[in-house]
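What follows is a single structure, written as structure tokens, with notes after it.
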Amino acid sequence: MRWLRDILVLLLLAAGLPLLALGGICMGLNTGAGRAFAQRQLNRLLAPGIHISGLSGHFPADIKLTSLTLADSSGIWLSGQNLELRWQPAAWLRGGITVTSLRAASLHIAR
């Protein structure tokens, strides 16, 4: 019977560790240092013409940006200030996206 208990413990650990890691990531991204790290990584990993600044809000459901710019070989074609996205991340797990609010204080589309 000890082997059955050991298998059960291993199964619980296998299921619980990813959930703990995900919780830790979410907690980390809701700190100033975590947001600064995420912003640096996003600017590094996104396409060369995409730049974000001022990442804030409560990750992952309420994301705010001070500015966003999209550019191509002809220059910046979209810029936005004080952007906010509120959505329901759990809907994504069910195969859909539910956006409750998408706002921008200003949005300039050059072309």
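In debye, nearest 20: dipole of the chain around its Cα centre with unit charges on the Cβ of K, R (+) and D, E (-)? Intermediate values should be presented prior to the final figure.
Working: 10 positive and 4 negative charges, 23 e Å.
It works out to roughly 120 debye.
Grab the other residues whose beta carbon is less than 10 angstrom from that of Leu55, score K and R as +1, D and E as -1, and report the net. Walk me through the numbers before you get to the answer.
Numbers: positive: Arg35, Arg40, Lys64; negative: none.
Cβ neighbours under 10 Å give a net charge of +3.
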Check your understanding: What spacing in nm lies between the two simple spin-label points modelled at Ala33 and Arg2, each 7 Å away from Cα in the Cβ direction?
Key -> 4.2
Check your understanding: Taking the C-alpha atoms of the chain, how large are the radius of gyration and the largest Cα-Cα span, Dmax, in Å?
Key -> 19.4, 70
Practice item. Keeping all protein chains in place, calculate the accessible area per residue for the chain (probe 1.4 angstrom), answer in Å². Key: 73
Point to revise | Positive-end residue of Met27, Gly75, Leu17, charge dipole of the chain with Cβ unit charges | key: Leu17
Practice item. Report, in degrees rounded to the nearest 10, the 0 to 90 angle that the Cα long axis of helix 2-29 makes with the longest principal axis of the chain. Key: 20
Review point. Counting pairs of alpha carbon atoms under 8 Å apart in space and at least six apart in sequence, what relative contact order in percent does the chain give?
Key: 16
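The values are calculated or read from the model by the stated rules, or taken from the named source; none is laboratory data. Remember, it's a predicted structure, so these values are computed and weren't measured experimentally. Please note: Cβ atoms are built from the backbone with ideal geometry, for glycine as well, and neighbour counts cover all protein chains shown. The area values use the complete protein model at the heavy-atom level, side chains included, leaving out ligands, DNA and RNA. Shrake-Rupley method; radii C 1.70, N 1.55, O 1.52, S 1.80 Å.
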